[in-house]
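Have a look at the structure below, then the notes.
Every number in this text was worked out from the coordinates using simple rules, so none of it is lab data. Computed from a predicted model, the values in this text were never measured in an experiment. Using ideal geometry, Cβ is built from the backbone for each residue, glycine included, and neighbour counts are taken over all protein chains shown.
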Amino acid sequence: TNADVAMYRAKEKGKNNFQIYTHALNAKALERLALENSLRRALEYKEFVVHYQPKVDTESEQVIGMEALVRWQHPKWGLVPPQKFIPLAEETGLIVPIGEWVLHTACTHTKALHNMGLKPLTVAVNLSAVQFELQNLTKMVSKVLAETGLDPQYLELEITESVAMQNVEHTLNMIRDLKAMGIKFAIDDFGTGYSSLSQLSNFSVHKLKIDRSFVSKINGEKDNSIIPSTVLALGKSLDLSIVAEGVESQEQVDFLKENNCDEMQGFFFGKPMPIENFKQLYSTDLNI
Ligand code: C2E
Ligand code: CA
Ligand code: CA
Ligand code: CA
């Protein structure tokens, strides 16, 4: 890039480090600006896509739900993963329209699956901290449900444990309002934050999702499964449904079955995929 050439020249001329540093900063700022612009365009040109990862019932191993995960189908860069653009989307506020689009798309796809006459499954949609802080979140969600015709009992919203803990009062109100609409609520990445037992029981959520970092350590050695065991016991005593995310091996499946985990999600059962592929998987899964 031009910035690189400028940096190289500055170095060659033996200029001081400060100038090189400034060039590097400018390059970064420019890159960011370019990314922000293409992110804005992406909404307008409908470049986002939603992929779906199956969730199975632990006992029967049948697909009972899916998680909606956004990707950016960029004309030049290809499929961009969420971690590459969600942080900037949050900083710029673009996550609000993107998040609404994801919710709308996920509800539309789920409603279409229901219309196929198969056993209805639930869809889980991730909420960003920025969306969760909005006062009109419940309004937006009920608008989307009305527009798409999806029965609210099949919608599950996921917020991470750290977002839930940011403002406990607000979290309590939000969960109350959304639950009143018939929507389910899950605490994502559970185990990575610092919620206390009393706060957790106050939240009265439906589900906890054990973070992948803990699930991936399950390997048959007792020491490595202390956190999953503890969360599973906690779920039992608080009457919460527990989902294990990032399940990749038979050993992990065996452990989760033995310890009465309710649902499993991970590459072992399926990677996130376009709705057409999911539809195919789901209809054949039920025909077995
Ligand atoms: P998350 O909510 O914890 O989602 C699970 C992530 O783990 C997904 O990555 C999924 O592809 C990946 N994963 C699932 N099973 C396995 C496994 O067995 N092994 C491995 N190695 N990975 C597995 P993805 O799709 O790249 O999403 C990353 C994060 O981006 C999500 O983490 C979520 O925090 C965020 N995200 C995705 N879609 C949305 C969205 O629509 N809105 C918001 N606000 N955030 C989103
Ligand atoms: Ca999630
Ligand atoms: Ca996670
Ligand atoms: Ca069970």
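Report, in debye and to the nearest 20, how large the dipole of segment 131-288 comes out about its Cα centre when Lys and Arg carry +1 and Asp and Glu carry -1 on their Cβ.
Using Cβ point charges on Lys, Arg, Asp and Glu, segment 131-288 gives about 300 debye.
Return the calculated 222 nm mean residue ellipticity for the chain, to the nearest 500 deg cm²/dmol, obtained by summing -39500 (n - 2.57) across DSSP H runs with n ≥ 4 and dividing by the residue count.
Value at 222 nm, helices only, nearest 500: -16500 deg cm²/dmol.
So, R0 is 22 Å and r is the distance between the beta-carbons of Leu238 and Met181; what FRET efficiency does that work out to, to 0.05?
Values: r = 22 Å, r/R0 = 1.02.
Working from the Cβ atoms, E equals 0.50.
I need the phi-derived Karplus couplings for segment 108-122: 6.51 cos²θ - 1.76 cosθ + 1.60, θ = phi - 60°, integer Hz, Gly and Pro marked x.
Computed from phi, the couplings for segment 108-122 are 4, 4, 5, 4, 5, 5, 4, 5, 6, x, 7, 4, x, 10, 9 Hz.
Could you tell me how far the Cα centroid of segment 160-176 sits from the Cα centroid of segment 58-134, in Å?
Distance between centres, Cα-based: 20 Å.
Using θ = phi - 60° and the Karplus curve 6.51 cos²θ - 1.76 cosθ + 1.60, what whole-Hz ³J(HN,Hα) does each residue of segment 75-81 get, with Gly and Pro shown as x?
Result, ordered by residue: x, 9, 7, x, 7, 8, x Hz.
Quickly rank 270-282, 54-66, 219-231 as a protection proxy: mean count of other C-beta atoms within 10 Å, highest first.
Those peptides, ordered most packed to least, come out 54-66, 270-282, 219-231.
For the chain, with the dipole built from +1 on Lys and Arg beta-carbon atoms and -1 on Asp and Glu ones, taken about the Cα centre, which of Ala68, Ile226, Gly193 lies farthest toward the positive end?
Most positive-ward Cα: Ala68.
Check Glu248: other-chain or 5+ apart residues with amide H under 5 Å from its amide H, H built from backbone geometry?
Placed amide hydrogens put Phe268 under 5 Å from Glu248.
Give the aspartates and glutamates whose C-alpha is closer than 16 Å to that of Lys111, dropping any in the same chain fewer than 8 places away, or say none.
Filter leaves Glu67, Glu147, Asp151, Glu156, Glu276.
Arranged from highest to lowest average of other beta-carbon atoms within 10 Å per residue, in what order do the peptides 109-117, 184-192 appear?
On the way: 109-117: 15.8, 184-192: 21.4.
Highest mean packing first, the order is 184-192, 109-117.
How much of the DSSP bridge set in the chain is antiparallel, in percent, rounded to the nearest 5? Before the final figure, lay out the partial values.
Values: 16 of 38 bridges.
For the chain, the DSSP antiparallel bridge percentage is about 40.
Measure up Lys55/Lys257; Lys179/Lys209; Lys143/Lys207; Lys55/Lys84 against 21 Å on the Cα-Cα distance and list the ones that go over.
Checking Cα-Cα distances, Lys143/Lys207; Lys55/Lys84 exceed 21 Å.
Return the long-range amide H neighbours of Gly65 (sequence gap of 5 or more, or a different chain), with a cut-off of under 5 Å between placed amide H atoms.
Sorted by chain and number, the residues that satisfy this are Lys55, Thr122.
Report ³J(HN,Hα) in whole Hz for each residue of segment 173-181, in order, from the Karplus equation J = 6.51 cos²θ - 1.76 cosθ + 1.60 where θ = phi - 60°; Gly and Pro get x.
Each residue's phi maps through the Karplus curve to give 5, 4, 4, 4, 5, 6, 5, 4, 7 Hz.
Listed highest first by mean packing, meaning other Cβ atoms within 10 Å per residue, what order do 98-104, 175-181, 84-90, 205-211 come in? Mind showing how you got there, number by number?
Working: 98-104: 21.0, 175-181: 15.3, 84-90: 17.6, 205-211: 23.3.
Answer by packing, highest mean first, reads 205-211, 98-104, 84-90, 175-181.
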